[in-house]
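Reviewing the structure listed below.
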Amino acid sequence: MILVFGGTTEGKKVAALLESLALPFVYSTKTKTSFQETKVARYSHGALDEAQLESFLTNNKVKIIVNAAHPFAEVLHNTIAKVATRLQMPVIRFGRKLLAKTIHPLVFYVNTYEEALALLKENQRLLALTGVQSIEKLKSWWQNNTTHFRILDRPASLAIAVKNNFPKKQLILGLPSANLQTEIDLIKTHEIDVILTKETGNSGFLSTKIEAALKTNTQIIIINQPKVPAYFEVVDSVDALELAISKTIVI
């Protein structure tokens, strides 16, 4: 049995590969999402702490973990690393190939939200493309300065925004877009001065966000992707993933 942490574009690719190889797996996400169970695929959702993850691995006789969760899901990555290390269970990190850093006066790279906030100037209009979980992290800014968050249009995301008392009229509901003009129009419509986003690679259309910022002469701050735990074997292509799995499980 293989445990796949998904909820991402990469997670879908892992599921498709394992399905094609007829390898039994459980597809796990933090929040409930649409997933079609099959003869080889089961679905599970909900956050897992160390004890719960260890119990799940043992009870389901999991032999290998494929971690294709969001690159910024640091708590999950660290939980997987700790439990897998204890159990000496192989972990393959199927991640996103990062883009080369863009060198431009309007483009800034930082490691933390605190560093990002330090770059902002009072009364700048901010477009936050960092996800609904960052609403709380940026509360000190948006309580005093106009900020728009683009978040997923789903009940769980809206509930987090409401819980933090974020102004509903300043929410932009939808997915990131690969359409350059759509992103440019978004910046112009809301008269944005600065964009805050994450280093997500092209799965998150980072190159489009950067190009839209430069086309509109808008500052963009990019939070660097966190480092992956050293215990993980890292791959960034389906072929490399299949090869890594074949070293542990006979295909």
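Residues in the range 1-56 that are surrounded by fewer than 19 Cβ atoms within 10 Å (Cβ to Cβ) and within 17 Å of S237 (Cβ to Cβ): T9, K12, K13, A16, S20, L21. Tell me which residues, restricted to the range 18-33, are within 15 Å of I80 (Cα to Cα), in a strand (DSSP E or B) and of a type outside the set (V, I, T). The answer is Y27, S28. Does L3 meet the test of being touching a residue at least 40 places away in the same chain (Cβ under 8 Å) and part of a helix (DSSP H, G or I)? For L3, the condition - touching a residue at least 40 places away in the same chain (Cβ under 8 Å) and part of a helix (DSSP H, G or I) - is not met.
Checked against (1) of a type in the set (G, A, S); (2) surrounded by 11 or more Cβ atoms within 10 Å (Cβ to Cβ); (3) at pLDDT below 95, A100 passes all but a single condition, namely (2). Of the helices (runs of 4 or more DSSP H) that lie entirely inside the range 121-227, those containing 2 or more residues that are more than 28 Å from N78 (Cβ to Cβ), out of contact with any strand residue (DSSP E or B) (no Cβ under 8 Å at 6 or more places or on another chain) and at pLDDT 95 or above span 180-189, 206-215. In the range 82-97, the qualifying residues are those that are part of a loop (DSSP other than H, G, I, E, B) and on the phi < 0 side of the Ramachandran plot, and the one that is surrounded by the fewest Cβ atoms within 10 Å (Cβ to Cβ) is K97.
Within the range 142-199, the only residue that satisfies the criterion of being in contact (Cβ under 8 Å) with a residue 60 or more places away in the chain, more than 26 Å from K101 (Cα to Cα) and touching a His at 6+ places or on another chain (Cβ under 9 Å) is H190.
Each residue in the range 66-81 was checked for being among the aliphatic types (A, V, I, L, M) and surrounded by fewer than 23 Cβ atoms within 10 Å (Cβ to Cβ), and 4 pass.
For the range 205-242, the set of residues classified as small (G, A, S), touching a residue at least 40 places away in the same chain (Cβ under 8 Å) and surrounded by 19 or more Cβ atoms within 10 Å (Cβ to Cβ) consists of A213 only. When the range 34-62 is filtered for residues that are in a loop (DSSP other than H, G, I, E, B) and out of contact with any strand residue (DSSP E or B) (no Cβ under 7 Å at 6 or more places or on another chain), the ones remaining, listed by number, are S34, Q36, T38, K39, G46, A47, L48, D49, K61.
Test H70 against the stated conditions and say whether it is closer than 18 Å to D236 by Cα, part of a loop (DSSP other than H, G, I, E, B) and outside the structural domain of L206 (by TED's automatic domain parsing). Even if it seems obvious, please write down each step before you answer.
Details: closer than 18 Å to D236 by Cα: yes; part of a loop (DSSP other than H, G, I, E, B): yes; outside the structural domain of L206 (by TED's automatic domain parsing): yes.
When the stated conditions are applied, H70 passes them.
The values are calculated or read from the model by the stated rules, or taken from the named source; none is laboratory data. These figures come from a predicted structure and were not determined experimentally. Cβ atoms come from the backbone with ideal geometry, glycine included; neighbour counts cover every protein chain shown.
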